[in-house]
1. Of the residues Ala67, Ala72, which is more than 18 Å from Glu100 (Cα to Cα) and in contact with a Gly (Cβ under 7 Å, 6 or more places away or on another chain)?
2. Looking at the range 28-103, what strands (runs of 3 or more DSSP E) fall wholly within it and have at least 2 residues that are free of Cβ contacts under 8 Å to residues at least 60 places away in the same chain, under 21 Å from His5 (Cβ atoms) and not charged (D, E, K, R)?
3. Could you figure out which of (1) hydroxyl-bearing (Ser, Thr, Tyr); (2) modelled with pLDDT under 90; (3) in contact with a strand residue (DSSP E or B) (Cβ under 6 Å, 6 or more places away or on another chain) isn't true of Thr64?
4. Residues being under 21 Å from Arg87 (Cβ atoms) and hydroxyl-bearing (Ser, Thr, Tyr): count how many of those fall in the range 1-54.
5. Sort out which residues of the range 1-27 are among the polar types (S, T, N, Q) and not in a loop (DSSP other than H, G, I, E, B), and write them in order of number.
6. Can you tell me which residue is farthest from Leu62 (Cα to Cα) among those in the range 1-15 that are among the hydrophobic types (A, V, I, L, M, F, W, C) and surrounded by 13 or more Cβ atoms within 10 Å (Cβ to Cβ)?
7. Could you tell me whether Val26 is crowded, with 18+ Cβ neighbours inside 10 Å, in contact with a helix residue (DSSP H, G or I) (Cβ under 8 Å, 6 or more places away or on another chain) and farther than 23 Å from Asn98 by Cβ?
Amino acid sequence: MPQSHRPDRIGEELRMEISELLVRAVHDPGIGFVTLTHVEVTPDLQHARVYYTTLGQMAARLETERALARAAPFLRRQIGRRLRLRRVPELHFTFDQNIEAQDRVERLLRELHEHEQPAPAEAPDTGSPPDDGDT
């Protein structure tokens, strides 16, 4: 039996709707600058794992996590009104660690590249004026 793309489509719709709701309808000061990276929906469409990133240190990240958990029932009701789904999936917010890991790898590669580049070599002094090619 071929795999259905419906969970992927619904996941993308959920990501767009939740993003818009977070900007326009959720007024919790605990939710800082949040970016939803992707949403994974189970094949039975009962659960949706919403991956996000946020700016700030660990304390700010934990506060955002708590605020998103508080907002989840409101977001689910709003999604039920906006999208035509038989059953709106339960929302589970998860911090996306892939972005942090990717940034760390890029930073390490950049540092390695900087250490590998030799200092620019100085031109040897021959004692004669430079040749301008007109002779």
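1. That would be Ala67, the only listed residue that is more than 18 Å from Glu100 (Cα to Cα) and in contact with a Gly (Cβ under 7 Å, 6 or more places away or on another chain).
2. Correct list: 34-41, 47-54.
3. The one condition Thr64 does not meet is (2).
4. Of the residues in that region, 2 qualify.
5. Matches in the range 1-27: Ser19 only.
6. Filtering the range 1-15 for residues that are among the hydrophobic types (A, V, I, L, M, F, W, C) and surrounded by 13 or more Cβ atoms within 10 Å (Cβ to Cβ), the one farthest from Leu62 (Cα to Cα) comes out as Ile10.
7. Yes; evaluated as a whole, the condition is true for this residue.
The values are calculated or read from the model by the stated rules, or taken from the named source; none is laboratory data. These figures come from a predicted structure and were not determined experimentally. Here the Cβ is made from the backbone with ideal geometry for all residues, glycine too, and neighbour counts use every protein chain on show.
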